[in-house]
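The values are calculated or read from the model by the stated rules, or taken from the named source; none is laboratory data. Note that the structure is predicted; figures quoted are calculated from it, not measured. Here Cβ is always computed from backbone atoms with ideal geometry, including for glycine, and neighbour counts include all displayed protein chains.
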Amino acid sequence: MFQNEFIERYKQWGFNAKEVELQECIRVNTVKITEEELIQRLKKRGFELEKVKFLENGYFVKRAKHSLSALQEYLQGFFYIQEAAAQLPAMVLNASSEDIVLDCCASPGGKTTQLAVKAKAVIALESQHNRIPALLNNIERLSIKNTIVCNTDARTFEPDMKFKKILIDAPCSGNYAIDRRWSQKQSLANIKARSEIQKEILSNIINCLEDNGEIVYSTCSLEPEENEMIVDWMIKELGMKVLDIDCFGEKGITKPFETELDKSIEKCRRIWPGITQGFFIARLQL
């Protein structure tokens, strides 16, 4: 299942990699329906749902009689199928009705539409033209009216305004819980290449952030090169500081590969595969 090099990596930090069967999870789209109404509708269709304790509007699907994406409720935009851990970054950013939020790597739109429920507006960037239709489809299906989509690379985006809150759910190497052939496809060289792309995005997007503004940086990678070591680089090269996070997960790693990182990186949250897929979340301020 796993390459030995990855198994040994994770053991260094107290995690024994094992196969996980991810639970299907949905996020209720409160723009169109209440949680109570949706639960009752799906219950009548033979579904059993369980509230995810660490999410605002997330539910694990414990039993399903039909495919979720074939349901009338899905087509009407009453819910979004979204892995539990993937719902955390937008929650951590905690946009308000006064915030115009920048979402830097938007498609297919799970976090974009989640942000839009609370924000005044969302500017959603997506660099790959062939991923734009999925993003637009989800925005329309969920009846999101306050989002502008730009077919633009976050590494070169130069707006005429600055943002108080920015989400960067960065392109990353992923993790084994969401792809059974993950370890066969990945290499340390690929992980390091991804980390360079992440730095390029951050180096440009920092120019879009207001003074005292916040960035939530997240990945679905387990590798420190794409997570804690990126945050350490942000502290030293971009002058950012790590803020506290009150969400599900363990402390960030501060000594990967015998390298001492900034102690404040403990405030980040690392989620190992188990009841969710693997994830990493950091909240930073300029």
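Miscellaneous remarks
- Complete set of residues in the stretch 129-154 that are more than 22 Å from Ile26 (Cβ to Cβ) and among the acidic types (Asp, Glu): Asp153
- Test: residue in the stretch 69-83 that is more than 27 Å from Ile245 (Cβ to Cβ) and in contact with a strand residue (DSSP E or B) (Cβ under 7 Å, 6 or more places away or on another chain): yes
- Some residue of the stretch 58-70 being assigned to a loop (DSSP other than H, G, I, E, B) and surrounded by 22 or more Cβ atoms within 10 Å (Cβ to Cβ): no
- Considering (1) part of a loop (DSSP other than H, G, I, E, B); (2) under 14 Å from the mean Cα position of the chain (by Cα), the lone condition that Lys111 does not fulfil carries the number (1).
- Any chance Asn130 is surrounded by fewer than 19 Cβ atoms within 10 Å (Cβ to Cβ), within 17 Å of the chain's Cα centre (by Cα), assigned by TED's automatic domain parsing to the domain that holds Pro171 and at pLDDT 95 or above: no
- When Ala86 is tested against the conditions (1) surrounded by 13 or more Cβ atoms within 10 Å (Cβ to Cβ); (2) in a loop (DSSP other than H, G, I, E, B); (3) in contact with a strand residue (DSSP E or B) (Cβ under 8 Å, 6 or more places away or on another chain), the lone failure is (2).
- Scanning the stretch 206-225 for residues that are closer than 17 Å to Ile245 by Cβ and hydrophobic (A, V, I, L, M, F, W, C) gives Ile215, Val216, Cys220.
- Screening Asp232 on (1) over 23 Å from Asp99 (Cα atoms); (2) among the acidic types (Asp, Glu); (3) surrounded by fewer than 19 Cβ atoms within 10 Å (Cβ to Cβ) shows it passes everything except condition (3).
- Within the span defined as the stretch 255-263, one or more residues are buried (at least 16 other Cβ atoms within 10 Å of the Cβ) and either outside the structural domain of Asp169 (by TED's automatic domain parsing) or part of a loop (DSSP other than H, G, I, E, B) (or both).
- Sole exception among (1) in contact with a helix residue (DSSP H, G or I) (Cβ under 6 Å, 6 or more places away or on another chain); (2) modelled with pLDDT of 95 or more for Glu24, by number: (1)
- Segments classed as helices (runs of 4 or more DSSP H), wholly inside the stretch 139-240, with at least 2 members that are of a type in the set (Asp, Glu) and in the same structural domain as Ile275 (by TED's automatic domain parsing): 188-205, 228-238
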